[in-house]
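Single-structure report; data block below.
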Amino acid sequence: MSAIPLVSAVTKPLAPGVAGCLAGRRRRASRPTCDTRAVQDGSAAPGPAGAFDENTKAATRRELFNGISSRYDVLNDALSLGQHRVWKRAAVQWARPPAGGAALDVCTGSGDMAFELARAVGPDGDVTALDFAPGLLARARGRDEAASPAAARRRAPIAWVEGDAMALPFPAASFDAATMGYGLRNVASPACALAELRRVLRPGARAAVLDFNNPREAPVVDAIQSLALDRVVVPVATASGLRDEYAYLRPSIEAFATARRVARLGRG
């Protein structure tokens with residue numbers, strides 16, 4: 001997994017963070033056993049009520065993203081100065097989706113990376129986009145339906161699926177490429193989500209994972225990122241009535257694994 005200048009936390013890119021490529025190997029047909037307690041790496045800093053509690057965090061984070069779905073794209077553009085789209089295109093390129101192939105986007109949000117995958121595999125391919133938040137999926141479907149007929153003809157059709165990144169509802173060795181953008185830190189078990197990506201990829205296929213970087217091993221970077229979150233991101237979100245949702249970003253980054261730890265999890 002190679003680090004680049006990117007960031008994101010389930011949702012809001014601000015500055016570049018962690019990205020990585022997982023080389024595909026022969027996948028296991030059986031699902032991995034997931035222990036959501038075994039992969040925590042960092043402090044469970046305060047955040048929205050229930051967002052870091054083992055018994056409630058999955059439901060709380062799902063509702064968090066449902067709640068911001070209508071303003072998700074506008075705020076992403078504003079808070080990253082549009083750069084999140086560049087990072088997402090780069091991640092799709094790293095995944096190397098083949099023309100005419102089958103591609104998967106996990107934690108699709110409002111569908112940015114799914115649309116990039118659909119253009120990459122072309123009209124002879126197919127794309128599946130999965131998310132656990134129905135509000136965001138509805139937003140993605142709406143964007144899909146609003147596309148011009150000419151644009152739709154130049155890309156693969158997209159199947160929008162509500163589901164769990166830790167228990168993907170697909171057979172083993174189903175996809176030629178996969179992406180996950182700004183979602184790994186929001187699942188209960190990052191290790192389990194990465195294992196599921198490995199399971200559904202065909203031999204030799206690649207997955208690209210884009211997310212916020214936890215820079216606690218680089219104090220200066222950590223200080224700058226914390227300042228940006230506290231002085232820019234949260235105030236902007238507060239003005240939009242979404243203070244709690246975006247105050248979640250900093251503690252979620254602090255509770256996330258470092259880049260080296262994520263790379264180790266990705267290797268299985």
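The values are calculated or read from the model by the stated rules, or taken from the named source; none is laboratory data. Because the structure is predicted, anything quoted here is derived from the model rather than measured. FYI the Cβ positions are ideal-geometry reconstructions off the backbone, even for glycines, and counts take in every protein chain you see.
Determine if region 100-119 includes at least one residue that is among the charged types (D, E, K, R), assigned to a helix (DSSP H, G or I), free of Cβ contacts under 8 Å to residues at least 40 places away in the same chain and more than 19 Å from Tyr182 (Cβ to Cβ).
Yes.
Tally time: how many residues in region 143-190 are of a type in the set (Ser, Thr, Tyr) and not in a loop (DSSP other than H, G, I, E, B)?
Step one: list which residues in region 143-190 are of a type in the set (Ser, Thr, Tyr), which gives 148, 174, 179, 182, 189.
Checking which are not in a loop (DSSP other than H, G, I, E, B) leaves us with 179.
Residues flagged as of a type in the set (Ser, Thr, Tyr) and not in a loop (DSSP other than H, G, I, E, B) within region 143-190 amount to 1.
Select from region 145-172 the residues that are touching a strand residue (DSSP E or B) at 6+ places or on another chain (Cβ under 6 Å) and closer than 24 Å to Leu184 by Cα and list them in ascending order.
Ile158, Ala159, Trp160, Val161, Gly163, Ala165
Report, by residue number, each residue of region 113-137 that is surrounded by fewer than 21 Cβ atoms within 10 Å (Cβ to Cβ), in contact with a helix residue (DSSP H, G or I) (Cβ under 9 Å, 6 or more places away or on another chain) and either closer than 20 Å to Ala205 by Cβ or among the acidic types (Asp, Glu) (or both). First the steps, then the outcome.
Filtering region 113-137 for residues surrounded by fewer than 21 Cβ atoms within 10 Å (Cβ to Cβ) gives 119, 122-124, 126, 134-135.
From what's left, in contact with a helix residue (DSSP H, G or I) (Cβ under 9 Å, 6 or more places away or on another chain): 119, 123, 126, 134-135.
Answer for region 113-137, where residues must be surrounded by fewer than 21 Cβ atoms within 10 Å (Cβ to Cβ), in contact with a helix residue (DSSP H, G or I) (Cβ under 9 Å, 6 or more places away or on another chain) and either closer than 20 Å to Ala205 by Cβ or among the acidic types (Asp, Glu) (or both): Arg119, Asp126.
Out of curiosity, is Leu242 at pLDDT below 70, hydrophobic (A, V, I, L, M, F, W, C) and farther than 30 Å from Ala99 by Cα?
yes
Considering only residues that are buried (at least 16 other Cβ atoms within 10 Å of the Cβ), farther than 21 Å from Glu196 by Cβ and among the charged types (D, E, K, R), look in region 245-268 and name the one that is modelled with the lowest pLDDT. Walk me through how you get there before you give the answer.
Residues of region 245-268 buried (at least 16 other Cβ atoms within 10 Å of the Cβ): 245-259, 261-263, 265-266.
Next cut, farther than 21 Å from Glu196 by Cβ only: 245-251, 253-254, 258.
Keeping just the survivors that are among the charged types (D, E, K, R) gives 245, 250, 254.
Working: Glu245: 64, Arg250: 72, Glu254: 73.
Residue satisfying both the conditions and the ranking: Glu245.
Is one or more of the residues making up region 93-100 at pLDDT 95 or above, touching a Pro at 6+ places or on another chain (Cβ under 6 Å), under 18 Å from Pro157 (Cα atoms) and surrounded by 23 or more Cβ atoms within 10 Å (Cβ to Cβ)?
No, region 93-100 contains no residue that is at pLDDT 95 or above, touching a Pro at 6+ places or on another chain (Cβ under 6 Å), under 18 Å from Pro157 (Cα atoms) and surrounded by 23 or more Cβ atoms within 10 Å (Cβ to Cβ).
Answer yes if at least one residue in region 197-211 is within 16 Å of Thr108 (Cα to Cα) and part of a helix (DSSP H, G or I), and no otherwise.
yes
Condition first: farther than 23 Å from Glu116 by Cβ, buried (at least 17 other Cβ atoms within 10 Å of the Cβ) and more than 13 Å from the chain's Cα centre (by Cα). Can you find one or more residues in region 200-214 that meet it?
yes
Being in a strand (DSSP E or B) and either surrounded by 21 or more Cβ atoms within 10 Å (Cβ to Cβ) or in contact with a His (Cβ under 6 Å, 6 or more places away or on another chain) (or both): is that true of Ala140 here?
no
Kindly indicate whether Leu137 is within 19 Å of Trp94 (Cα to Cα), under 14 Å from the mean Cα position of the chain (by Cα) and modelled with pLDDT under 95. Steps first, answer last, please.
On the way: within 19 Å of Trp94 (Cα to Cα): no; under 14 Å from the mean Cα position of the chain (by Cα): yes; modelled with pLDDT under 95: yes.
So Leu137 fails the test.
I'm trying to understand the selection: among the residues of region 175-195, which are among the polar types (S, T, N, Q) and within 11 Å of the chain's Cα centre (by Cα)? Before the answer, list the steps.
Of region 175-195, the ones among the polar types (S, T, N, Q) are 179, 186, 189.
Answer for region 175-195, where residues must be among the polar types (S, T, N, Q) and within 11 Å of the chain's Cα centre (by Cα): Thr179, Asn186.
Would you confirm, using the coordinates I've provided, whether Pro157 is within 27 Å of Gln83 (Cα to Cα) and modelled with pLDDT of 95 or more?
Considered against the rule, which asks whether it is within 27 Å of Gln83 (Cα to Cα) and modelled with pLDDT of 95 or more, Pro157 comes out as yes.
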